[in-house]
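A short write-up of the structure that comes next.
The values are calculated or read from the model by the stated rules, or taken from the named source; none is laboratory data. Keep in mind it's a predicted model, so treat the numbers as computed, not measured. All Cβ positions, glycine included, derive from the backbone under ideal geometry; neighbour counts span all protein chains shown. Ligands, DNA and RNA are excluded from the accessible area calculation, which covers all protein heavy atoms including side chains. Shrake-Rupley method; radii C 1.70, N 1.55, O 1.52, S 1.80 Å.
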Amino acid sequence: MAKLISGKELAARVKQEVAQEVQALRQKQITVRLAVIIVGENPASMTYVAGKARDCEACGIESDVIRLPEQTTEAELLERVRACNEDPSVNGLLVQLPLPKHICEKNVIDAIAPEKDVDGFTPVNVGKMVIGESCFLPCTPAGCLEMLRSTGLSMAGKNAVVVGRSNIVGKPMALLLCAQNATVTLCHSRTQDLAEICRRADILVVAVGRERFITGDMVKPGAVVIDVGINRGADGKLHGDVDFEAASEKAAFITPVPGGVGLMTRAMLMRNTLEAAKRQRGQAE
Ligand SMILES: Nc1nc(=O)c2c([nH]1)NC[C@@H]1CN(c3ccc(C(=O)N[C@@H](CCC(=O)O)C(=O)O)cc3)C=[N+]21
């Protein structure tokens, strides 16, 4: 039976550390602030943004949620982004994705000042990550890495399989695992013999967005399984991409959904926001 990697416990620990540092900064009259821009009323996005605002409060980080209507034009949104870039009281800035179809996500991400890009989505931060320079790591893969570290197992030389090649999760996850000296295989919708490849994985990270995509027979006995999926099932509940019950019988460690990677994503955002404030402060001095 697999041990559970609790996103709840790990995220609480990270947030506790962030809260302590934020408090120490406050004693020096330094505040930490995150601006979150959300366009439209996608219910999932609204839930995530509410969660981020709650985490900010728990960490003593000031949060500004800027809610814009669905019909907001790209030019109007870009103007908001620029205003946040120029506002010295804003340390971290993120624009919740997905954006309405009439807005080009690339143009919006490109407009975010890299030093405030706490999502790690701008080309500058992505490029730095690729070459191993200090940067803001994207929150979801960074959270997965923390969960892997929490097992105490070494990643060096292990077979790591990442299923899903999105810019936000799969691709950066593969790079981070590579930096940990794992042997990485990045799989996607065109991969042949996916089950075969998954069965060789000592570390299996899944981010495809399909309920029960990974079945029990695809999990190697003793593997560490990280489930990034968040799917609203026909039962109205949240499910990951992994058949949790079946995979639990094989894996040594597994993350739950809910209560797993999602909570760590938010905790990493808090850490990045604190880091942004410290770096900007360092620049000002
Ligand atoms: N610019 C941008 N940055 C993001 O970081 C970003 C984004 N856009 N778009 C969407 C994805 C998704 N994401 C999640 C964050 C928290 C939970 C989370 O807290 N999940 C809880 C449950 C939440 C619920 O009840 O729905 C859990 O898994 O236990 C999930 C998903 C951030 N994303």
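For residue 68 and residue 8, what does the FRET efficiency come to when R0 = 30 Å and r is the distance between their Cβ atoms, rounded to the nearest 0.05?
0.45
Cβ neighbours within 10 Å, averaged per peptide: list 55-65, 95-105 in order, most packed at the top.
55-65, 95-105
As a test of understanding, state the convex hull volume per residue of the chain from its alpha carbons, in Å³.
Dividing the Cα hull volume of the chain by its residues yields 130 Å³.
Suppose we keep just the DSSP beta bridges with both residues in the chain; what percent of those would be antiparallel, to 5?
5 percent
Using r as the Cβ-Cβ distance of residue 150 and residue 58, and R0 as 22 Å, what FRET efficiency do you calculate, to the nearest 0.05? Don't jump to the answer; show the numbers that get you there.
Details: r = 20 Å, r/R0 = 0.91.
The formula returns an efficiency of 0.65 here.
In square angstrom, what is the accessible area per residue of the chain with a 1.4 angstrom probe?
49 Å²
Hey, which of these cross-link pairs are over 22 Å Cα-Cα: 15/278; 3/158; 15/52; 52/250; 171/278? Write down the numbers at each step before the final one.
Working: 15/278 16 Å; 3/158 19 Å; 15/52 12 Å; 52/250 33 Å; 171/278 28 Å.
Beyond 22 Å between Cα atoms: 52/250; 171/278.
Roughly how many percent of the accessible protein surface of the chain is carbon and sulfur, given a 1.4 Å probe and a whole-percent answer?
For the chain, the apolar C and S fraction of the accessible surface comes to 51 percent.
Which value in nm describes the separation of the simple spin-label points at residue 215 and residue 279, placed 7 Å from the Cα toward the beta carbon?
4.5 nm
Treat each spin label as a single point 7 Å out from the Cα along the C-beta direction, and report the residue 97 to residue 1 distance in nm.
Modelled inter-label distance: 3.9 nm.
Which residue fluctuates most in the GNM of the chain (Cα springs below 10 Å): 131, 109, 226?
131
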